[in-house]
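Could you have a look at this structure, given as structure tokens, before my questions?
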Amino acid sequence: QVPLVESGGGLVQVGGSLRLSCAPSGRTFSSLPMGWFRQGPGKEREFVASITWSGGVTDYADSVKGRFTISKDNAKNTMYLQMDSLKPEDTAVYYCARGKTNALVRVTTGYDGWGQGTQVTVSS
């Protein structure tokens with residue numbers, strides 16, 4: 001599988017916003033769902049959001065619902081995660097990944113093509 005590449009992370013103050021991007025390093029997206037995960041210091045990797053290939057169906061973790069928005073532009077071959085009203089607990093390395101099946105799932109084993117991640121730090 002062609003690995004994915006995340007970008008857009010950085011340092012932001014509480015209440016600020018960031019937009020993360022995810023694109024494959026080579027070929028175009030497959031016709032499968034995509035997802036965002038994050039891993040905070042000393043924590044396990046956790047689900048953030050997922051989206052179907054068409055972009056018509058999305059799923060969010062309760063901790064980010066109402067603050068984060070996942071989207072994708074198939075013409076630009078890019079997936080996004082708009083993060084608003086950021087909190088210190090959002091500090092983590094954020095990863096995008098490609099689903100293995102057509103189902104929207106919240107477990108890491110349901111995805112592959114993991115990128116290197118992009119660091120998001122929210123300072124208070």
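Considering only residues of region 68-99 that are part of a loop (DSSP other than H, G, I, E, B) and either hydrophobic (A, V, I, L, M, F, W, C) or at pLDDT below 95 (or both), which is nearest to A49 (Cα to Cα)?
L86
Quick check on G55: is it touching a strand residue (DSSP E or B) at 6+ places or on another chain (Cβ under 9 Å), of a type outside the set (A, V, I, L, M, F, W, C) and under 22 Å from K87 (Cβ atoms)?
Here the answer is no, as G55 does not meet what is asked.
Next up: Hey, can you tell me all the residues within region 47-75 that are of a type in the set (D, E), over 19 Å from G8 (Cβ atoms) and exposed (fewer than 15 other Cβ atoms within 10 Å of the Cβ)?
D62
Separate question: Sort out which residues of region 30-52 are assigned to a loop (DSSP other than H, G, I, E, B) and touching a residue at least 40 places away in the same chain (Cβ under 8 Å), and write them in order of number.
S30, L32, P33, G40, P41, K43, R45, T52
May I pose another question? State which residue is farthest from D73 (Cα to Cα) when the search covers only region 1-25 and only residues that are among the hydroxyl-bearing types (S, T, Y) and either out of contact with any Gly (no Cβ under 7 Å at 6 or more places or on another chain) or not in a strand (DSSP E or B) (or both).
Step by step, filter region 1-25, then rank; the result is S17.
The values are calculated or read from the model by the stated rules, or taken from the named source; none is laboratory data. All values derive from a computational prediction rather than experimental measurement. Cβ coordinates were reconstructed from backbone atoms using ideal geometry, including for glycine residues, and neighbour counts include every protein chain displayed.
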